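Take a look at the structure set out below.
The values are calculated or read from the model by the stated rules, or taken from the named source; none is laboratory data. Everything numeric here is computed off the predicted structure, so don't read it as measured data. Cβ placement follows ideal geometry from the backbone for every residue including glycine, while neighbour counts extend to all protein chains displayed. All accessible areas refer to the heavy atoms of the entire protein, side chains included, with ligands and DNA or RNA removed. Shrake-Rupley method; radii C 1.70, N 1.55, O 1.52, S 1.80 Å.
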Amino acid sequence: MNKKVAEFVIEMLKTLLFSIFCVLIITHFIALPCMVDGHSMYPTLNDGDRGFSSIIGRTLDGIERFDIVVIKTDEKLLVKRVIGLPGETVQYSNDHLYIDGVEVAEDFLDSAYMNSEKQRANRSLFTNDLTITLGEDEYYCLGDNRIISKDSRYYGPFSNAQISSRGFLRYYPFQSFGSVH
């Protein structure tokens with residue numbers, strides 16, 4: 001092998017290793033690439049939407065009610081919305097959310113979609129009545145499409161350690177690019 005080819009190969013290997021290192025740093029400390037799998041967050045997010053969720057934002061700013069978060073389970077990554085925070089009592093009664101006995105509006109839910117889904121599923125409630133008191137390290141997270149979502153009602157509350165990141169910056173489909181709230 002001549003000297004120019006050897007130098008080229010070495011330079012390519014250095015570039016490749018540096019690129020891998022950068023990707024690992026970004027995906028472990030800054031932004032988690034994720035894809036929505038299923039319709040549990042519809043109409044906020046669609047099946048197949050791709051985006052980034054902020055690891056560093058979650059670390060620096062913490063988790064707030066109604067944040068969209070990415071949760072690690074034994075099975076897969078879930079994209080859900082935080083409803084209840086540690087130590088709170090979360091209650092749903094007649095499709096109304098109460099936190100520690102005080103009604104809290106869920107303005108992100110689309111009422112026309114909720115009504116059509118209740119009618120389609122022949123149900124009177126979009127979110128079944130429930131009451132749960134969270135521990136000091138527990139978050140109650142639900143999908144926006146409550147009738148079909150597998151969330152804290154299925155898995156139970158999620159621990160702080162299970163929540164990998166927060167927020168969702170959609171990059172695909174391209175026409176829907178932007179931050180999702």
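For a test of the definition: using alpha carbon positions, the gyration tensor, and the 1.5 limit on a/c, classify the chain as rounded, prolate or oblate. In terms of gyration-tensor shape, prolate.
Computed with a 1.4 Å probe over protein heavy atoms only, the accessible surface of the chain comes to 58 Å² per residue.
Once you wrap a convex hull around the alpha carbon atoms of region 118-159, what is its projected area averaged over all directions, in nm²?
For region 118-159, the mean projected area of the Cα convex hull comes to 3.1 nm².
Axis of helix 111-120 versus longest Cα principal axis of the chain: the two differ by about 80°, to the nearest ten degrees. For region 68-164, the Kirkwood estimate of the hydrodynamic radius, built from every pair of different alpha carbons, is 13.9 Å.
If the reach is capped at under 30 angstrom between alpha carbons, list the lysines near Lys80, excluding any in the same chain fewer than eight residues apart. Correct list for Lys80: Lys72, Lys118, Lys150. Note on Lys14: lysines with a C-alpha under 16 Å away, same-chain residues under 8 apart excluded, are Lys4.
Projecting the Cα atoms of Val36, Asn128, Phe66 onto the dipole axis of region 1-151, where Lys and Arg carry +1 and Asp and Glu carry -1 at the beta carbon, places Val36 farthest toward the positive end. Under the classification rounded if a/c is under 1.5, otherwise prolate if a/b is larger than b/c and oblate if not, where does region 24-124 fall, given a ≥ b ≥ c as square roots of the Cα gyration tensor eigenvalues? The shape class here is oblate. Overall, the accessible surface of the chain at a probe of 1.4 angstrom is composed of carbon and sulfur to the extent of 57 percent. A straight Cα-to-Cα reach below 14 Å connects Lys76 with the aspartates and glutamates Asp37, Asp151, residues fewer than 8 places away in its own chain not being considered.
Relative contact order, whole percent, for region 32-145 stands at 29, derived from Cα pairs under 8 Å and 6 or more residues apart.
Magnitude of the charge dipole for region 34-134, about its Cα centre and with charges confined to Cβ atoms of Lys, Arg (+1) and Asp, Glu (-1), is about 280 debye. Helical runs assigned H by DSSP (4 residues or longer) give the chain a calculated mean residue ellipticity at 222 nm of -7500 deg cm²/dmol, each run adding -39500 (n - 2.57) before division by the residue total.
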